1. Solvent-accessible area of TYR88, probe 1.4 Å, all protein chains present, reported in Å² to the nearest ten, please.
2. If the only charges are +1 at each Lys and Arg Cβ and -1 at each Asp and Glu Cβ, what is the size of the charge dipole of the chain around the Cα centre, to the nearest 20 debye?
3. Which percent of the accessible heavy-atom area of segment 60-215 goes to carbon and sulfur, probe 1.4 angstrom?
4. Excluding ligands and nucleic acids, what accessible area in Å² is computed for HIS401 using a 1.4 Å probe, to the nearest 10?
5. Counting only heavy atoms of the protein chains, get the accessible area per residue of the chain (1.4 Å probe) and round it to a whole Å² value.
6. Run lengths n ≥ 4 of DSSP H only: what is the helix-derived mean residue ellipticity at 222 nm for the chain, with -39500 (n - 2.57) per run over all residues, to the nearest 500?
7. Could you give each residue of segment 384-392 its phi-based ³J(HN,Hα) in whole Hz, using Karplus coefficients 6.51, -1.76, 1.60 with θ = phi - 60°, and x for Gly or Pro?
8. Quick one: helix 128-141 against the long Cα principal axis of the chain, what's the angle to the nearest 10°, folded into 0 to 90?
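The values are calculated or read from the model by the stated rules, or taken from the named source; none is laboratory data. Here the structure is a predicted model, which means the values were calculated and not measured. Neighbour counts are summed over all protein chains in view; Cβ atoms, including those assigned to glycine, are modelled from backbone coordinates with ideal geometry. Protein only, heavy atoms only, side chains kept; ligands, DNA and RNA dropped before computing areas. Shrake-Rupley method; radii C 1.70, N 1.55, O 1.52, S 1.80 Å.
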Amino acid sequence: FKTCPGRVITKLLCSGEKEVDLAVQSAKAAFKTWSQMSGMERCRVLLEAARIVREQREEIATLETINNGKSIFEARVDIDISWQCLEYYAGLAGSLAGEHIQLPGGSFGYTRREPLGVCAGIGAWNYPFQIACWKSAPALACGNAMVFKPSPFTPISAVRLAEIFTEAGVPKGLFNVVQGGVATGQFLCQHPDVAKISFTGSVPTGVKIMEMAAKGIKPVTLELGGKSPLIIFSDCALENAVNGALMANFLTQGEVCCNGTRVFVERKILDTFTKEVVKRTQKIKIGDPLLEDTRMGALINRPHLDRVQRFIKQAKEEGAQVLCGGDLYVPDDPKLKNGFYMQPCVLGNCTDDMTCVKEEIFGPVMSILPFDTEEEVVERANNTKFGLAGGVFTRDIQKAHRVVAALKAGMCFINNYNVSPVELPFGGYKASGFGKENGRAAIEYYSQLKTVCVEMGDVESVF
């Protein structure tokens, strides 16, 4: 695979059907031990894993930057979120329990919260280490095992997580990593001993995974794409709204599923807001992602960079105006001349029917659209097949709550954007998928309830 300079740094073999089966069988064997441990025992192991990640933060962040191309500044945040996720679910592991229900005549019932078995995790290339933690932490806390397949574009850091889990004391094979693309993912999803699939990626791939899971009656969690609205009202704190728009569009080179790429701006402040956003966008430092002052690294690979460029070209053909950026970028450092860089782009004169407004670009491209009334902007914001996220900037807190209640999106932000504390559930509506990651809600997707009914008297037969 390639880093930002376009240089191959390592090669890995794809896992075939045999290797996937070995990984699943290894995880299945480890599950027998892990699932019988108490929640407090699992808690201690996950806390140790969190400690190792926290102590090796700089090393893992550097690995992630080389793995993905994002700035070291962002990679450190990703690693912090990762160890916090492990800590959070370590804390929940010891609290997982069913309930006791009193029935007539001294009889009673109770429920048991039980693990599913071997879970398959399939990650994306934009947050490789963080996604691996988001999926494995709740799975392991509930007593499951996991076989994880990272994206073939970012295969390295998930292997480091597997090593960390082993160092922390999980049974050998409890968290296994398989490498490869579509074929490897199919072998994993179709394996009869895989009990559940959790996938982060594109809508078309999500549809295929649902089809495969349906044949085995397997539960799935799907975290798919988005084309999320960011609504800027004229009564906002302007500087804060501009900061929010930048955070909603340019993190990880714009390669973020929940980005607020449709920026609706109330017409009263359209010119002022646009001018400030353009000025700030033009100041974003692009270059070597390992340098401290770099804020935007390279896109993931050449085909993806070309795809983003085609979206910008089509936007211009459909009448959008490039207010800044959009061109390829060649850093001064000769080592980076073959990197997959581009200037962050702001598009004006956009309308709802343009391709750049309807389709997920997954690159550093912001589309600005004017609006006049609250009712109008809510209707337009919801006019999309996606429903992952949405944001509102306003000083009127009643209006803020009213608008987010009306948005058909699973993750909403008020006066901030792209903040994802592990304590809060994350997941979308409509074509953006279903199921939740993070928060207590994720426990529901990595465990199952067994009901036990106990009769304390004689059975009364109707026969």
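1. In the full protein context, TYR88 sits at about 50 Å².
2. It comes to approximately 780 debye.
3. Here it works out to 61 percent.
4. Surface open to solvent at HIS401 totals about 110 Å².
5. It amounts to 43 Å² per residue over the chain.
6. The helix-only estimate for the chain comes to -12500 deg cm²/dmol at 222 nm.
7. Computed from phi, the couplings for segment 384-392 are 7, 6, 8, x, 7, 8, x, x, 9 Hz.
8. 20
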